[in-house]
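Enquirer: The structure under discussion is supplied below as structure tokens; questions concerning it will follow.
The values are calculated or read from the model by the stated rules, or taken from the named source; none is laboratory data. These numbers come from a predicted model, not from an experiment. Please note: Cβ atoms are built from the backbone with ideal geometry, for glycine as well, and neighbour counts cover all protein chains shown. The area values use the complete protein model at the heavy-atom level, side chains included, leaving out ligands, DNA and RNA. Shrake-Rupley method; radii C 1.70, N 1.55, O 1.52, S 1.80 Å.
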Amino acid sequence: MGHIPKKFLKGKKSFIANLSSEAGTNRVGSFGVFPTNISFNGQDKGESVVLVVRRHPAVFIPQYFLILVLLFAPVLVLSVFRDIEGLNFAFALGVGTLFLLLAISTAIDTFLKWYYSVNIVTDQRIIDVDFNNVLFHRFSEAQLEKIEDVSHAPSGLLSSIFDYGDVYIQTAGTKPEFEFTGVPRPRDIQDTLLDLLELKQKGQI
Amino acid sequence: MDFLDGINTINWPIAGTEGVFKLLFLVIIFGYVIYSFLLTLRVRILNDTVKTSSNKTMLLLSYIHLLLAVVGGLFSVILILVG
């Protein structure tokens, strides 16, 4: 409980009981509880970060397959190009290098997109950072008191196997719905948001 | 005078059927390097948006990625043109 600010302990809320064992974990992961090593642009003094959530690693299974295909593609490409006149070993090596680079690049790109597509829940607001392509990213935030409804839904077979899902947050702001996509433990996130909202409405945080 | 036969003929490295493939892969390499550059720029912006203790590592990773793309891309271009 040492890493949980005292203001959260007053209401004896269920989210504290669910999350207290993981509080203060600062490793890079998909589900961080009361992390101490994160801040964001516009964070107020005294504002505590409660949850830092990223997509579950299983969400990226298609990308893992793509990396495997790119790693094995040179073999296929070489067998195709072997019959084309005028192409020699240097060309094959060049194409092989390119595919290897693309495989490494896809791995790094996937990792960076996972790392920077982050959902943050604080005692004041929720933040949704979407980084899905290199030309565009979105930073959306809404005050906790603007939350009207929170729901979650597992999406697909993989989400049932690996226990992840989407959390939908209806707000009264300009962006009517926040979506935490493919996040682990959606039930705990929903419970945390609703408990924080209750604490906020009672003026305890 | 046989040595004058090919005097007006330029031997382009990209020509014929194999040239189409070479051009295709050169375009892919060019796009790949541009993409890596844009990724590095985006990571720099996002580093200022959400700050964690791992941000420096991520920025370093993106720079290594860019370096790998440029050096590897250049290496591939040379091999493809020579091949």
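Here's the yes/no breakdown for (1) modelled with pLDDT under 90; (2) more than 17 Å from residue B:24 (Cβ to Cβ); (3) open to solvent by 20 Å² or more (accessible area, probe 1.4 Å):
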{"residue": "A:89", "(1), (2), (3)": "yes, yes, yes"}
{"residue": "A:99", "(1), (2), (3)": "no, no, yes"}
{"residue": "A:102", "(1), (2), (3)": "no, no, yes"}
{"residue": "A:106", "(1), (2), (3)": "no, yes, yes"}
{"residue": "A:113", "(1), (2), (3)": "no, yes, yes"}
{"residue": "A:121", "(1), (2), (3)": "no, yes, no"}
{"residue": "A:128", "(1), (2), (3)": "no, yes, no"}
{"residue": "A:143", "(1), (2), (3)": "no, yes, yes"}
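Enquirer: Considering only segment A:95-132, state which residues are at the interface with chain B (Cβ under 9 Å from one of its Cβ atoms), over 30 Å from residue A:200 (Cα atoms) and of a type in the set (A, V, I, L, M, F, W, C).
Expert: Those that are at the interface with chain B (Cβ under 9 Å from one of its Cβ atoms), over 30 Å from residue A:200 (Cα atoms) and of a type in the set (A, V, I, L, M, F, W, C): A:95, A:98, A:100, A:101, A:102, A:104, A:108, A:111, A:112.
Enquirer: Also, I was wondering about something else. Given the conditions (1) open to solvent by 30 Å² or more (accessible area, probe 1.4 Å); (2) at pLDDT below 95; (3) within 12 Å of chain B (Cβ to nearest Cβ), report the number of the one that residue A:76 does not fulfil.
Expert: (3)
Enquirer: Could you give every pair whose Cβ atoms fall below 6 Å, whose first residue belongs to segment A:40-53 and is within 9 Å of chain B (Cβ to nearest Cβ), and whose second residue is open to solvent by 10 Å² or more (accessible area, probe 1.4 Å) and outside any strand (DSSP E or B), counting only separations of at least 6 or pairs across chains?
Expert: A:41/B:49; A:52/A:35
Yes or no, residue by residue, for (1) among the acidic types (Asp, Glu); (2) at pLDDT below 95; (3) on the phi > 0 side of the Ramachandran plot; (4) in contact with a Ser or Thr (Cβ under 8 Å, 6 or more places away or on another chain):
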| position | (1), (2), (3), (4) |
| --- | --- |
| B:8 | no, yes, no, no |
| B:16 | no, yes, yes, no |
| B:22 | no, yes, no, no |
| B:26 | no, yes, no, no |
| B:33 | no, no, no, no |
| B:49 | no, yes, no, no |
| B:81 | no, yes, no, no |
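Enquirer: Among (1) open to solvent by 20 Å² or more (accessible area, probe 1.4 Å); (2) at negative phi; (3) touching a strand residue (DSSP E or B) at 6+ places or on another chain (Cβ under 8 Å), there is one condition residue A:42 misses while meeting the rest; what is its number?
Expert: For residue A:42, the exception is condition (2).
Enquirer: Considering only segment B:48-61, state which residues are in contact with a helix residue (DSSP H, G or I) (Cβ under 9 Å, 6 or more places away or on another chain) and either in a loop (DSSP other than H, G, I, E, B) or in contact (Cβ under 8 Å) with a residue 24 or more places away in the chain (or both).
Expert: B:54
Enquirer: Based on this model, can you work out whether residue A:151 counts as of a type in the set (S, T, N, Q), in contact (Cβ under 8 Å) with a residue 24 or more places away in the chain, more than 12 Å from residue A:128 (Cβ to Cβ) and surrounded by fewer than 21 Cβ atoms within 10 Å (Cβ to Cβ)?
Expert: Details: of a type in the set (S, T, N, Q): yes; in contact (Cβ under 8 Å) with a residue 24 or more places away in the chain: yes; more than 12 Å from residue A:128 (Cβ to Cβ): yes; surrounded by fewer than 21 Cβ atoms within 10 Å (Cβ to Cβ): yes.
So residue A:151 passes the test.
Enquirer: Test residue A:50 against the stated conditions and say whether it is out of contact with any helix residue (DSSP H, G or I) (no Cβ under 6 Å at 6 or more places or on another chain) and open to solvent by less than 30 Å² (accessible area, probe 1.4 Å).
Expert: When the stated conditions are applied, residue A:50 passes them.
Enquirer: All but one of (1) under 30 Å from residue A:203 (Cβ atoms); (2) open to solvent by 70 Å² or more (accessible area, probe 1.4 Å); (3) among the small types (Gly, Ala, Ser) hold for residue A:160, so report the exception by its number.
Expert: Every listed condition holds for residue A:160 apart from (1).
Enquirer: Please go through segment A:170-199 and give me each residue that is surrounded by 16 or more Cβ atoms within 10 Å (Cβ to Cβ) and either more than 22 Å from residue A:22 (Cβ to Cβ) or acidic (Asp, Glu) (or both), ordered by number.
Expert: Passing the criteria: A:171, A:178, A:188, A:191, A:195.
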